[in-house]
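Here the structure comes first, spelled out in structure tokens, and everything after it is commentary.
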Amino acid sequence: MVNLLPPGADGAGEASGLLALVLLAEEDLVLREQLARALRGRGYQVITVRDGLGLCDYLEYARFSQGRAPNPDLIVADAELAGYDGALICEQL
């Protein structure tokens, strides 16, 4: 089991040695980079995609990659992604 708390927060991550993987979907480049930097600074692994299609593509690839691409522990998605909105994607998960 992966603990979603960053390493060092109440011992999270230290015992298991695992860091939570966050899949971040945000169209705004500056905001995407700032969010990714903040999450990485707190010990999370972060994969970024720029839109709903990229999010769906990554999830599909991770599902069928036989371990080559990790499944995210948490998905952070803009509620209004082009092509797919975050709420619709969550419903389909």
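Give the residue that is most open to solvent (accessible area, probe 1.4 Å), with candidates limited to residues of segment 26-43 that are in contact with an Asp or Glu (Cβ under 6 Å, 6 or more places away or on another chain) and modelled with pLDDT under 95. Talk me through it step by step, then tell me what you get.
Filtering segment 26-43 for residues in contact with an Asp or Glu (Cβ under 6 Å, 6 or more places away or on another chain) gives 26-27, 32.
Retained after the next criterion (residues that are modelled with pLDDT under 95): 26-27.
On the way: E26: 19, E27: 77 Å².
Top of the filtered list is E27.
May I ask you to list the residues in segment 80-93 that are of a type in the set (D, E, K, R) and either open to solvent by less than 90 Å² (accessible area, probe 1.4 Å) or at pLDDT 85 or above (or both)? Can you show your working first?
Our first condition is that a residue be of a type in the set (D, E, K, R); within segment 80-93, this holds for 80, 85, 91.
Answer for segment 80-93, where residues must be of a type in the set (D, E, K, R) and either open to solvent by less than 90 Å² (accessible area, probe 1.4 Å) or at pLDDT 85 or above (or both): just D85.
Of all the residues that make up segment 22-77, how many are within 12 Å of the chain's Cα centre (by Cα), assigned to a loop (DSSP other than H, G, I, E, B) and touching a residue at least 40 places away in the same chain (Cβ under 8 Å)?
Going through segment 22-77 one residue at a time, the tally reaches 5.
Output the residues belonging to segment 58-79 that are out of contact with any helix residue (DSSP H, G or I) (no Cβ under 7 Å at 6 or more places or on another chain) and either of a type in the set (D, E) or exposed (fewer than 11 other Cβ atoms within 10 Å of the Cβ) (or both).
E60, R63, F64, Q66, G67, R68, D73, listed by residue number.
The values are calculated or read from the model by the stated rules, or taken from the named source; none is laboratory data. Computed from a predicted structure; not experimentally measured. Using ideal geometry, Cβ is built from the backbone for each residue, glycine included, and neighbour counts are taken over all protein chains shown. Calculation scope for accessible area: heavy atoms of the full protein, side chains included, ligands and nucleic acids excluded. Shrake-Rupley method; radii C 1.70, N 1.55, O 1.52, S 1.80 Å.
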